[in-house]
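Notes follow once the structure below has been shown.
What follows is calculated from the coordinates using simple rules that are stated; it is not laboratory data. In this text, all values refer to a predicted model and were calculated from it rather than measured experimentally. Neighbour counts run over all protein chains shown; Cβ positions are idealised from the backbone, glycine included.
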Amino acid sequence: AQSVTQLGSHVSVSEGALVLLRCNYSSSVPPYLFWYVQYPNQGLQLLLKYTSAATLVKGINGFEAEFKKSETSFHLTKPSAHMSDAAEYFCAVSEGGKLIFGQGTELSVKP
Amino acid sequence: EPEVTQTPSHQVTQMGQEVILRCVPISNHLYFYWYRQILGQKVEFLVSFYNNEISEKSEIFDDQFSVERPDGSNFTLKIRSTKLEDSAMYFCASSDATLAGAGPDTQYFGPGTRLTVL
């Protein structure tokens, strides 16, 4: 079975600083990988997805993620954090159609 | 922009009672899902539904759970006799087929129903 590990349940950055949220996956086949964001009291919103095309994937709100097969990683980055980026971020891998999620990383942005 | 909707947003029930959580998927989508998130834990897959039948279910989805698409727009999750450990946020999701028709595409999630079992 596939699995996803997100390193760091809480990440805090200053406004304008680089955001780096880590995700590692285990998969025996080329994976489909996703990042979702959950703002307070809202559902899961798709940020971006990797489906074996370009290894650098650009998403909404200035986020991007790079698929690195050698490292089995799919880390999420944003060059400059904004206060509105404060939310919980989930990495997920698709297995037979269902999504397997990591435990989530809560991002705090300090003024 | 089309979105998945869920009702109610909050449901409080007594242990042993039946609850029905309702979802309206995006209208042209073919695949439907339920996930749940117990407070402080991962989002977990419960069940997927395609072509009017369950296509996959997890170990969590035991005989107390059932899903139904009673009409062309709603997708429901029923818990027959709720337990304290069923307290969680329940998310509905839907997806279209991929362009190649090889399976489901990206899943879009609703805002969730918070179920509290007392």
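Among the residues of region A:72-111, write down those that are part of a loop (DSSP other than H, G, I, E, B), over 17 Å from B:Thr106 (Cβ atoms) and out of contact with any Lys or Arg (no Cβ under 8 Å at 6 or more places or on another chain). I'd like the intermediate steps shown before the answer.
At the first step, the residues of region A:72-111 found to be part of a loop (DSSP other than H, G, I, E, B) are A:72, A:79-82, A:86, A:96-97, A:102-104, A:111.
This time we only want the ones that are over 17 Å from B:Thr106 (Cβ atoms), so: A:72, A:79-82, A:86, A:102-104, A:111.
Scanning region A:72-111 gives A:Thr72, A:Pro79, A:Ser80, A:Ala81, A:His82, A:Ala86, A:Pro111.
I'd like to know if region A:53-75 contains one or more residues that are within 26 Å of B:Leu39 (Cα to Cα) and basic (Lys, Arg).
So far as region A:53-75 goes, no, none of its residues is within 26 Å of B:Leu39 (Cα to Cα) and basic (Lys, Arg).
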**Q.** B:Val67 being among the β-branched types (Val, Ile, Thr) and within 11 Å of chain A (Cβ to nearest Cβ)
**A.** no
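If you go through region A:56-86 one residue at a time, how many are of a type in the set (A, V, I, L, M, F, W, C), within 14 Å of chain B (Cβ to nearest Cβ) and surrounded by 14 or more Cβ atoms within 10 Å (Cβ to Cβ)?
In the first step, residues of region A:56-86 are kept if they are of a type in the set (A, V, I, L, M, F, W, C); the result is A:56-57, A:60, A:63, A:65, A:67, A:74, A:76, A:81, A:83, A:86.
After this cut, where a residue has to be within 14 Å of chain B (Cβ to nearest Cβ) as well, the list is A:57, A:60.
Now drop any that are not surrounded by 14 or more Cβ atoms within 10 Å (Cβ to Cβ), which leaves A:57.
The qualifying residues number 1.
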Q) So B:Val47 fits all but one of (1) among the aliphatic types (A, V, I, L, M); (2) assigned to a loop (DSSP other than H, G, I, E, B); (3) under 20 Å from A:Val93 (Cβ atoms); what number is the exception? A) (2)
Q.
Against the definition (under 14 Å from the mean Cα position of the chain (by Cα) and either farther than 29 Å from A:Val4 by Cα or assigned to a loop (DSSP other than H, G, I, E, B) (or both)), how does B:Ile54 come out, yes or no?
A. no
Q) What pairs can you find where one residue is in region A:42-57 and free of Cβ contacts under 8 Å to residues at least 60 places away in the same chain and closer than 18 Å to A:Lys78 by Cβ, the other is exposed (fewer than 13 other Cβ atoms within 10 Å of the Cβ) and basic (Lys, Arg), and their Cβ atoms are less than 7 Å apart, with a gap of 6+ or different chains? A) A:Leu48/A:Lys58
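State which residue is surrounded by the most Cβ atoms within 10 Å (Cβ to Cβ) when the search covers only region B:19-44 and only residues that are in a strand (DSSP E or B) and among the basic types (Lys, Arg).
Within region B:19-44, the first condition is being in a strand (DSSP E or B), and the residues that meet it are B:19-24, B:31-37, B:43-44.
Imposing the further condition that a residue be among the basic types (Lys, Arg) reduces the set to B:22, B:36.
Working: B:Arg22: 17, B:Arg36: 24.
Looking at residues that are in a strand (DSSP E or B) and among the basic types (Lys, Arg), I get B:Arg36.
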Q) Of all residues in region A:52-69, which are assigned to a strand (DSSP E or B) and under 21 Å from A:Gln38 (Cα atoms)? A) A:Val57, A:Lys58, A:Glu64, A:Ala65, A:Glu66
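Could you identify the single residue in B:Gly40, B:Gly112 that is at positive phi, within 14 Å of chain A (Cβ to nearest Cβ) and within 13 Å of the chain's Cα centre (by Cα)? So that I can check it myself, show each step before the final result.
On the way: B:Gly40 fails: within 13 Å of the chain's Cα centre (by Cα).
Answer to the check: B:Gly112.
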